[in-house]
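Okay, so here's the structure we're looking at.
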Amino acid sequence: MAAVAGPAAAWKMLGKKMEGMASTVWVRCLFTRSRIPDSVFQPQPGDHEKYGGDPEQPHKIHVVTRIKSVVGRPYWEKKMIRDLGLVKAHQPRLHKNIPSVNSKLKVVKHLIRIQPLKLPYGLPTEEEMSDTFLTSKGELVIKRHLKPVEQKEIKS
């Protein structure tokens, strides 16, 4: 007899289960990326004062490090983190300071730390590139190896 009753009886039987599912779908629609206004992704003039830096001479390369987990974050933030190469936490990546990269960084700025690349010893040459390493403070340090001194023969 339940099969003959039709969809109205099935709806009544499920009752609150269906109502819970319907509200879940509605809430899920609220937090999609399409509902975020485009103004969030556009650069704003007050950003330099807020985050420091000189707008006249900006640094050329960012040192970007993920410091928070993406578990429980929306799908578009997970995608941005993956696109930026920040899959592992606390591993710095270098990115150019250009508008296309900066707009991606702005979306996930609460999950990452952005520092300018500092060159305390100047720009390394081709020979020195293998002897460089990046510190946690965003400094590219050149670790110069000492060359052996030629020993002279002592005549006595």
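We did not get these values from a lab; they are worked out from the coordinates using the rules stated. Keep in mind that this is a model prediction, so the values were computed, not measured. All Cβ positions, even for glycine, are placed from backbone atoms using ideal geometry, and neighbour counts span all protein chains on display.
Mind scanning K68/K118; K78/K143; K68/K104; K96/K137; K96/K147; K88/K109 and naming the pairs with a C-alpha gap bigger than 26 Å?
Numbers: K68/K118 24 Å; K78/K143 36 Å; K68/K104 16 Å; K96/K137 17 Å; K96/K147 34 Å; K88/K109 16 Å.
Violating the 26 Å limit, Cα to Cα: K78/K143; K96/K147.
Cβ under 12 Å from S69's Cβ, S69 left aside: what net charge do those residues give with Lys, Arg +1 and Asp, Glu -1? List each step's numbers first, then the result.
Numbers: positive: R66, K68, R73, K78, K88; negative: E77.
Result for the neighbourhood of S69: +4.
Quick one: net charge of P124's neighbours, Cβ under 14 Å, K/R +1, D/E -1?
Numbers: positive: K118, K143, R144; negative: E126, E127, E128, D131, E139.
Net charge around P124: -2.
Please compute the net charge surrounding F133, taking Lys and Arg as +1 and Asp and Glu as -1 over other residues with Cβ under 10 Å from its Cβ. Mind showing how you got there, number by number?
Values: positive: K143; negative: D131, E139.
Net local charge, F133 excluded: -1.
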